[in-house]
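The values are calculated or read from the model by the stated rules, or taken from the named source; none is laboratory data. Everything numeric here is computed off the predicted structure, so don't read it as measured data. Cβ atoms come from the backbone with ideal geometry, glycine included; neighbour counts cover every protein chain shown.
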Amino acid sequence: MEIDDVLDHYIGEGIITEVAGLLKTGKEAVVYRCLGGPVTSGVDVAVKIYKDIEYRSFRRMNDYLDGRIGTAIRKRRDILHMYADPATMQATWVWAEYEALKRLRAGGVPVPIPYGSTGNSLAMQFIADGEGSGEAAPRLRECRLPADEAAGLFTSLRAAVRDMLACDTIHGDLSPYNILYRAGTVVIIDLPQAVDARYNSQALAMLERDCINVFRYFERFGLGDEMTAKNWANSLWEDYVVNRLYA
């Protein structure tokens, strides 16, 4: 669907009423801020429209598809068709992010509320900065984090990683670039590559990488380092395997 068609679709669904402006243009997608419709009770919406998959630069795509294909697509010819057809691959990627947001939101993980999707787009809650300005929440990488908030946010992010794993989900690309800072809290975004921890053969390696990225950011506050991150990720994984994450 073209951009205008996508936006018209969400207007027709009652999710948005009009476009307020462009939020972001990236390698994989463009994001618009829209005024919310009846479905969102007037809450502003972020509409993420993916670029054609042949123009996107997802790294290690096969690693992320591992397990996802085996559980969602049953027949070999369907797998081959998905790889051969960009539109099908696109829709699979979007569907994965939409389903991940629904699952994680239900599990209490701080992610945007998902409102709807099409084959190449996703409508979700717009995350404001929480300061009353109405501006978009900055990415953790972009903000100057007050030192007295670091410990609390570090604890919140570790809890979010644990809660994601309890939902059988690993972000797969977690870093300060896709964590939003909202008035002393965090919101995790960008989940098209999220993997199912039960079936992906690279799950533990991805969990370690996510934890290392988070711990490295907080190392400046004396709260973690790479070795601590690896040890914590492996401890978390061991608890997950024996179903005692909350023991």
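Considering (1) at pLDDT 95 or above; (2) under 21 Å from I3 (Cβ atoms), the lone condition that G119 does not fulfil carries the number (1).
Yes or no: region 201-211 includes at least one residue that is closer than 27 Å to M227 by Cβ, touching an Asp or Glu at 6+ places or on another chain (Cβ under 6 Å), surrounded by fewer than 17 Cβ atoms within 10 Å (Cβ to Cβ) and touching a residue at least 60 places away in the same chain (Cβ under 8 Å). Spell out how you get there, then give the answer.
Taking region 201-211 and keeping what is closer than 27 Å to M227 by Cβ, we get 201-211.
Checking which are touching an Asp or Glu at 6+ places or on another chain (Cβ under 6 Å) leaves us with 201-202.
Still in the running and surrounded by fewer than 17 Cβ atoms within 10 Å (Cβ to Cβ): 201.
Now narrow it down to the ones that are touching a residue at least 60 places away in the same chain (Cβ under 8 Å): 201.
So far as region 201-211 goes, yes, one or more of its residues are closer than 27 Å to M227 by Cβ, touching an Asp or Glu at 6+ places or on another chain (Cβ under 6 Å), surrounded by fewer than 17 Cβ atoms within 10 Å (Cβ to Cβ) and touching a residue at least 60 places away in the same chain (Cβ under 8 Å).
For Y98, the conditions (1) of a type outside the set (A, V, I, L, M); (2) in contact with a Phe, Trp or Tyr (Cβ under 7 Å, 6 or more places away or on another chain); (3) modelled with pLDDT of 95 or more all hold with the exception of (2).
Looking across G108, G130, G172, one residue alone is under 30 Å from P38 (Cβ atoms), assigned to a loop (DSSP other than H, G, I, E, B), among the small types (G, A, S) and touching a strand residue (DSSP E or B) at 6+ places or on another chain (Cβ under 6 Å). It is G130. Do we find that A233 is closer than 14 Å to R158 by Cβ, out of contact with any Leu (no Cβ under 6 Å at 6 or more places or on another chain) and among the small types (G, A, S) in this structure? Against the criterion (closer than 14 Å to R158 by Cβ, out of contact with any Leu (no Cβ under 6 Å at 6 or more places or on another chain) and among the small types (G, A, S)), A233 does not qualify. Selection of first residues in region 1-28 that are of a type in the set (G, A, S) and of second residues that are part of a loop (DSSP other than H, G, I, E, B), restricted to Cβ pairs under 8 Å at least 6 apart or on distinct chains, gives the following pairs, ordered by first then second residue: G14/G37; A20/D44. Cβ separations smaller than 8 Å between residues 6+ apart or across chains give the following pairs from region 29-56 residues that are more than 14 Å from G116 (Cα to Cα) and assigned to a strand (DSSP E or B) to residues that are among the charged types (D, E, K, R) and modelled with pLDDT of 95 or more: A29/K48; V30/K48; V31/K48; R33/D44; L35/E18; L35/D44.
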